[in-house]
Every structure is written in structure tokens, then in C-alpha cells.
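First the structure, in the form of C-alpha cells, and then the observations on it.
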Amino acid sequence: MVINHLGYVNLSGHLAMFLRVLHIICWVIVCSVLEAQTSTDTKSTGAKIALPNSFLIGEHELAYDAILERYAKGLVAICGNDNDKAFMIWSSILADLVEFSKANNIELNGLKLWMNIFFNDNAGIDYIVYYPKPNSKNMDFDKLTELFINFCRSYKMKVKLGERCILNANASFPLTVK
């Protein structure tokens, strides 16, 4: 082993070649993962990010950043800055989610979540991105994610919003408002 004037180790030929190849392989893997996270599926309504309908905050970060740009308006703004109207929409969705979870034999009581709900313009939900709070009950979050995915696919709100938007909210179960 020889150390050059910059303090770097000059490696033997085979080891140096192995490390270069390993570096290239790692770079290809990282690039393919990043490309898969940000891939798009174009539809007649524009580009839709290829993501599951629900996932934990921290997963799919690059694609998540892209959907944040697409859903720039907040629910309160869409509701004409009427907090009561936005709260009633959110309360109705939570009540429907509780009923949906009961029908699917998943108990939500004890859960406390940070949630980002991405609404489309057709009275549906495109994405539920969430993270459990520290004082939340522990559960199988893969099952919760699957519940949210199925809820997004089947749920239609009672109110049509007219344009897509986002709601950043907290949810605690059992619900205190009905």
C-alpha cells in the first residue's frame, strides 16, 4: 500500500478495478431506483405519478415531492377559506373511513396519525400519505396502508371539490366528532 502526496491510498490494480466496477454498479442501481420513483403514466387528464395510493411519509420521497407540486392548493382554499366547511368535509371522510375499517375488520382505535390527503377534482382521494405519531398504538402498518389504498380506490366524497387539492391534518381514533 502506497500513500500519495494528497494522502490517498494508491490501490493495487485488481482492487482498484474492483472498486471502480462496484462504484459503477451502485450508481446504476441508485439511478434506476430514482427513475422508478419518479416514473410517470400519462393519462388524458395529464401526467399521474406512478405511486401506490397510500404510503408512509418518508417512502417514495422524490415522487412525493412531485405530487406536492401538483396538489399545491389546500382544501381550505378550495372551500373559499371557510374552515368550517373544510372541517365538515374532513370529519365526514374520517367517519366514512372508520366505517370502511370496521367493514374490513381493522381496528383504528388508539391510532394517532399525521396525514396528507390528496383530493382529485372528481370527489375522490388520489393519495393518503401518513405517519404514526409517537403516542399512537402500534399495529401492522402494512395492513393500514392496504386499507388506505382500498379506501382511496373506492371512496367518493359527498361534495365535489372541482379541482385537486391537499389537506395536511391530524387524525386520532376513536373520533370525538361524529
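Tabulated data for the structure shown
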item	result
Test: Leu56 is in a strand (DSSP E or B), at pLDDT below 95 and under 28 Å from Asp140 (Cα atoms)	yes
Candidate set: region 106-132, residues that are without any contact (Cβ under 8 Å) to a residue 40 or more places away in the chain and farther than 16 Å from Ile149 by Cβ; chosen: the one surrounded by the most Cβ atoms within 10 Å (Cβ to Cβ)	Pro132
Residues satisfying the stated conditions in region 156-178, i.e. touching a helix residue (DSSP H, G or I) at 6+ places or on another chain (Cβ under 8 Å) and closer than 19 Å to Ile57 by Cβ	Cys165, Ile166, Leu167, Ala169, Ala171, Phe173
Asp96 vs. criteria modelled with pLDDT of 90 or more, over 15 Å from the mean Cα position of the chain (by Cα), charged (D, E, K, R) and surrounded by 15 or more Cβ atoms within 10 Å (Cβ to Cβ)	yes
Test: residue in region 115-127 that is at negative phi, β-branched (Val, Ile, Thr) and not in a helix (DSSP H, G or I)	yes
Meets criteria (without any contact (Cβ under 8 Å) to a residue 60 or more places away in the chain and either assigned by TED's automatic domain parsing to the domain that holds Ile67 or surrounded by 16 or more Cβ atoms within 10 Å (Cβ to Cβ) (or both)) for Phe148	no
Qualifying residue in region 153-167 (condition: surrounded by fewer than 18 Cβ atoms within 10 Å (Cβ to Cβ) and in a strand (DSSP E or B))	no
Filter pass, Ser91 being assigned to a loop (DSSP other than H, G, I, E, B) and either modelled with pLDDT of 90 or more or closer than 25 Å to Pro174 by Cα (or both)	no
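The values are calculated or read from the model by the stated rules, or taken from the named source; none is laboratory data. Only a predicted model underlies this, so the values are computations on that prediction, with no experimental measurement involved. Cβ coordinates were reconstructed from backbone atoms using ideal geometry, including for glycine residues, and neighbour counts include every protein chain displayed.
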